[in-house]
Each structure stands twice: as C-alpha cells, then as structure tokens.
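This report refers to the structure that appears directly beneath it.
Where a number appears in this text, it was derived from the coordinates with a stated rule and is not lab data. Values in this document were obtained by computation on a predicted structure and should not be read as measured data. Cβ placement follows ideal geometry from the backbone for every residue including glycine, while neighbour counts extend to all protein chains displayed.
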Amino acid sequence: MDDALTAVALLLVVAAATLAVLCREPVRQAAALAVLGFALTLLFVVLQAPDVALSQLAVGTALTPLLILLTARKVRRPPAEESAPEDRGQHGDRDGRRHAPQDRP
C-alpha cells in the first residue's frame, strides 16, 4: 500500500513537472509550479518527511509562484499588434524609436 502511494505521488510529480516545462506563458508557468509544489508536498508526506513537506508547501506552492506572478505583472508589455502607428511618434520607425528630423535642401 505504501509503495502504491509513493508511485502515485511520483507520477503526480512527473506530470506536474512536465506541465510546468511545457507552459510558455509566465502566468500559466506559475500555476503549474504551484501544482508541482503541491505534488511534491504530497510526495514528502508519503515519504514521512513532514518538516520538508511544510517547507515545500510554504515555499514551492505559495511563495515562489506568487513572486513569479508579481514579477510577470510588473514586466508585462502590451503585444505588438495592439500598439497603433500613431503612438510611435512623428519621426518613429516600426520599432517606435525616435529619429532626429533630417534637413532637406
């Protein structure tokens, strides 16, 4: 019975880790990391390591995904399709960089 619980917990960890690796968006990665942290917590409980399980629950399931979400929110940029050409300025190029006006004779 104990081996079956360990095997199920390990399968959950493998599935959650694979999900975390395959996600591309930071918000989904944070959610996948929270699921992975919870799966690891369950594995540590099954392996009778309650102190490690509590640490994993606090850090891996709650704190790390929260920090990733806050960081993603802080550095989020609007997609390129949403920026209008008039927002680029009078002398801007496609990248939105400003150029000095050129004097033409």
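For a protection proxy built on the mean count of beta-carbon atoms within 10 angstrom, sort 15-23, 53-61 highest first, please.
53-61, 15-23
Specify whether the C-alpha gyration tensor of segment 8-76 places it in the rounded, prolate or oblate class, a ≥ b ≥ c being the square roots of the eigenvalues: rounded for a/c under 1.5, otherwise prolate if a/b is larger than b/c and oblate if not.
oblate
Order the peptides 34-41, 66-73 from the highest to the lowest mean number of other Cβ atoms within 10 Å of their residues.
Packing proxy ranking, top to bottom: 34-41, 66-73.
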